[in-house]
Number of protein chains: 2
Amino acid sequence: MATFPDAAAIAAMDAQDPLRRFRDHFVLNEGEVYLDGNSLGVAPRAAYAELDLAARQEWGGDQIRSWNKAGWFDLPLALGHRIGRLIGAAPGQTIVADTTSINIYKALHAAIGLRPGRTTILAEAGSFPTDLYMAQGVVSTIPGAVLKLEGVDGPSIEQLLDDNVAVVLLNHVNYRTGLLHDMAAMTAKIHAAGALVVWDLCHTAGALEVTLDAARADFAVGCSYKYLNGGPGAPAFIYVAERHLPHARQPLSGWWGHARPFAFETGYEGAEGIRRFQCGTQPILSLRAMKASLDLWDEVDMAELRTKSLALTDLFIQLVEGRCTGLGLTLDTPRTHPLRGSQIALRHENAYAVMQALIERGVIGDFRAPDTLRFGFTPLYIGFADVARAVAVLEDILRTETWKEARFAVRGAVT
Amino acid sequence: MATFPDAAAIAAMDAQDPLRRFRDHFVLNEGEVYLDGNSLGVAPRAAYAELDLAARQEWGGDQIRSWNKAGWFDLPLALGHRIGRLIGAAPGQTIVADTTSINIYKALHAAIGLRPGRTTILAEAGSFPTDLYMAQGVVSTIPGAVLKLEGVDGPSIEQLLDDNVAVVLLNHVNYRTGLLHDMAAMTAKIHAAGALVVWDLCHTAGALEVTLDAARADFAVGCSYKYLNGGPGAPAFIYVAERHLPHARQPLSGWWGHARPFAFETGYEGAEGIRRFQCGTQPILSLRAMKASLDLWDEVDMAELRTKSLALTDLFIQLVEGRCTGLGLTLDTPRTHPLRGSQIALRHENAYAVMQALIERGVIGDFRAPDTLRFGFTPLYIGFADVARAVAVLEDILRTETWKEARFAVRGAVT
């Protein structure tokens, strides 16, 4: 059996953690280890007061005046700028609006428009499904357009790249396995083939350093309710590289993307810059909760975040391999740091029941069919002792087979 | 000068108002008359507690578990059912999702798909602009499709209806003038020409009785943050008539519209029924605020609402005409009840400055370029004494010309 850190060594890791102070700013349940922040990030404590202010003073008190007085008009751009720093985007290229799905639609349409004569969209068969569904929606609106999938139509993106490919839609981190793409290298290969790339950052924004500008990315989309703690269903973001902004067009051309939204003109004329990727009025209360979270994120050093994220997942792998050998688990996430996001997937033939047992014991992860136990490690509020506790509970469940008694529950229900 | 009700008569109107009890359930500022509920409805008092519950217990406490435990999954459909009652829609045809703009895109695409071979969209040049911009976006994705406008390409919708028209997009109430269409009659004319109709209910949902099913409407969209008091930027709704649901398709085919969203399949297969008109994850906190409002709306008799709405706008017209004769105002809203929504437009050559002066004096309406003063009458929380007070202030401003001293402010700012 491999050696692994003892309790004292783990306590020392927490004591030396430069991000440790952030933990107190989040709401965590006593006695639980929340490893599902890659699905829904926990609440920043400040979000409650921010929401209360937005509801009572802004909506209730100032009413319509808050569009100016409280800065509601500028929230999508202001929040987008702040997310931009976290994903390596200079200001003016990122805006908060709509959902990830809808932003994929905008980005794919814009990319295809920038590559006239090319009609293929490439994506990974293992993408988060909505990416593929939205690509299918885009294809349905463009005569001759086709969607080709890595793993179905060919073994790899590289081998599918030909001079008919307009755009490649890639998940920066795979939602299931945690596999991380080399953004700069993949972007360069795609550009060499004359195509553009749309990066889906749902599992990387707030999880690790992203360098969109430096990697010469074309478009990116992502959600704010996972690692970024924006709140349940908080609006998503979209990034368009500055060099594309003068020419990029998208068909969800609502009044918020108009050059002069309050001139009430009959004809659409897109605003300059990233504002053109807005469409309609955004849910202000949800945006205000997100603001509370970004107030914290403004202070985060993304290199420190990545260092801690890798240390957390390293420790988890080390402890699982040290303590759970022979208990039916298979690691489905790369060991190599440059290939790993901030989550770990373990496969087990009874993954569903094991996850139910874990949740009953206060270790909150999630299950992905057919056989994946998925654990997200959010460096701002998960510590090294949490990792050790999660593995201890997992080991106990597997050794004593208490997962066999876990209550049956439907569709990930955790009643 | 015409005679008009005195203070005692107006007090009697309030005393006899069967909807009077609702007023106490909303947050109103002492000393103000809020006639901008057609732009942003005021906050229901219960929304604060609902938001607090959603933030602290559901997001903060139960975290990911709230998708099941708090019913987050079903909120779009549950809220849609409740809005459905207010717009004359039997259950299963209305869902809350995204923005009005995006729902217009879905509805127009679906309608065109149901009328193969037809490529014209008709709309009114006087539509709320985003309707036209979204129609232009739809046209940009369909080869050969054209948008024709009443008032630009022809004098009336009826005269533009030909056998190439696939769909007509109509504003049930005009956002500027308050002109109300006869939904059943217009729908019948459009159907007689073989086309479908999309009704934009932004200025009618919660403002008056709407009878979508009875009028044989095909599609409808609308917002929840005006008369419905859903909160700033609260998500919109979309209605699809049951007879179209088996065949209607829309290209924003995200995972929330999938038949089995948690099976994580590669290919899109639309859910049965109205769920197919969903796309991505909705902003839960904003939906929860909307729930607080719909708890009140569930108790509202829509016939009573319409009766009061007309009485309020009748009184406003009567008082303005009685007290402000010769002061430069022109009524821009129909006097005839069946042609009037729940708002009144007055034109004045210095409308912008007059509105600023009104707002400074606590009468909150809004300005629409170039010369419109717009006043919304929301029957759940505006009373007859409010109407009298608003007209008294308007008269005073016009007679003493204090609007000439109104502070300059940009774009409707009311600092």
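Side notes on the structure shown:
- Sites residue A:11 and residue A:209 - FRET efficiency at Förster radius 25 Å, r taken between beta-carbons, to 0.05: 0.35
- Compactness of the protein assembly as shown as Cα Rg over 2.2 N^0.38 Å, two decimals: 0.98
- Distant-in-sequence amide contacts of residue A:363, defined by a placed amide H-H separation under 5 Å and a gap of 5 or more residues or a different chain, comprise A:33.
- Debye equation applied to the C-alpha atoms of region A:49-297, log10 I(q)/I(0) at 0.07, 0.14, 0.15 Å⁻¹: -0.23, -0.89, -1.01
- Across region A:367-408, the residues whose backbone nitrogen lies under 15 Å from the label position 7 Å along the beta-carbon direction of residue A:20 are A:380-387.
- Cβ-vector label at 7 Å, residue B:32, separations to other copies in nm: 3.8
- Ranked for footprinting exposure by Cβ neighbours inside 10 Å, fewest first, B:114, A:212 give B:114, A:212.
- Taking amide H as placed 1.01 Å from N in the peptide plane, the amide H of residue B:124 sits under 5 Å from that of B:150, B:171, each at least 5 places away or on another chain.
- Residues of type lysines that residue B:189 reaches as a straight line, Cα spacing below 18 Å, ignoring anything fewer than 8 places off in the same chain: B:148
- Estimated from helical segments only, the mean residue ellipticity of chain B at 222 nm is -10000 deg cm²/dmol, where each DSSP H run of four or more residues counts as -39500 (n - 2.57).
- Put in order of Cβ neighbour count within 10 Å, fewest first, the listed residues A:140, B:66, A:127 become A:140, B:66, A:127.
- For the options A:300, A:320, A:197, a Gaussian network treatment of chain A with springs between C-alpha atoms closer than 10 Å singles out A:300 as fluctuating the most.
- Principal-axis tilt of helix B:284-297 within chain B, Cα atoms, nearest 10 degrees: 60
- For region A:151-245: rounded, prolate or oblate by the Cα gyration tensor [a/c cutoff 1.5]: prolate
- Folded to 0 to 90 degrees: helix A:351-360 orientation relative to chain A principal axis, Cα: 80
- Within region A:237-276, backbone nitrogen closer than 17 Å to the virtual label 7 Å beyond the Cα of residue A:300 toward Cβ: A:237-238
- Chain A: angle of helix A:129-140 to the longest principal axis, Cα-based, in degrees nearest 10: 20
- Anisotropy class of chain B from Cα gyration tensor, a/c 1.5 cut: oblate
- Spatial separation of Cα centroids for region A:117-186 and region B:122-150, in angstrom: 31
- Pairwise label distance in nanometres, residue B:311 with residue B:146, each label 7 Å out on the Cα-Cβ vector: 5.0
- Cα gyration tensor category, rounded, prolate or oblate, for region A:1-126 with a/c compared to 1.5: oblate
- In nanometers and ordered shortest first, the copy-to-copy spacing of the residue B:6 label point, defined 7 Å from Cα toward Cβ, is 9.5.
- Label-point gap, in nm, between residue A:269 and residue A:318 - each point 7 angstrom along Cα→Cβ: 6.2
- Model label points for residue A:57 and residue B:156, set 7 angstrom from Cα along the Cα-to-Cβ axis, are 5.4 nm apart.
- Relative to the other identical copies, residue A:265 shows label-point distances of 4.5 nm, where the label point lies 7 Å from Cα along the Cβ direction and values run shortest first.
Since every read-out is calculated from the coordinates, none of them should be taken as a lab result. Small disclaimer: the values here were computed from a predicted structure and weren't measured. Every residue, glycine among them, receives a Cβ derived from its backbone with ideal geometry; neighbour counts consider all protein chains shown.
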